[in-house]
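Here the structure is laid out as structure tokens; the discussion comes afterwards.
Each reported figure results from applying straightforward, stated rules to the coordinates on display, with no laboratory input. All of these numbers come straight from a predicted model, not from anything done at the bench. Reconstructed Cβ throughout: ideal geometry from the backbone, glycine too, with neighbour counts over all protein chains shown.
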Amino acid sequence: MSPLALLALAVMLDAPDGVPRDVAGRGAGELGILPASPAASCQTTVTSPQQAGARRRFSATRVLGLLFRTWVSDPAQSPRLRIHLYSPDGQLYQVLAPREARPARGAAGLRRATRVVEASVPVAGSQILWGSLYGQWTAVPALEGEAGPCGAAAAFVIAP
């Protein structure tokens, strides 16, 4: 059985693949984010200026917004990077197009990080707060035009 067929079987069996399912039960394959062999590898972290350091839990009443910082191993690929942001119910909430941040020194898990890009999402006064979209969110880095993500999904929680 091919690796892709095994992966599709794991998704169908609801294996913990780091990608949420939407309310219709669609998984990674139907969301268009099956793992692939991308042109660059990526690593994404989630932070907020109001809560120092990389965290996995944020309070919607204490943060104004969230910052998604992604290290991209191939600088030529960074303009193609998109961050797919999934809400707690597995629905695609927004696709972010990051901007170049600063030169990178490196990131754990990447052999050679050469470019850092950033994108932000408001929390205060947004649909997240007004719609009480609390729970575990997922940020999936992907290169535009590629079949799958270029790095692991970054899971985080937005609490009241």
*Summing +1 for each Lys or Arg and -1 for each Asp or Glu, what net charge is found among the other residues whose Cβ lies under 9 Å from the Cβ of Arg115?*
-2
*Once label points are set 7 Å from the Cα along Cα→Cβ at both Arg55 and Arg99, what is their separation, rounded to one decimal in nm?*
2.5 nm
*asked:* Quick check: pseudo-label points 7 Å beyond the Cα along Cα→Cβ at Arg62 and Tyr134, how many nm apart are they?
replied: 1.4 nm
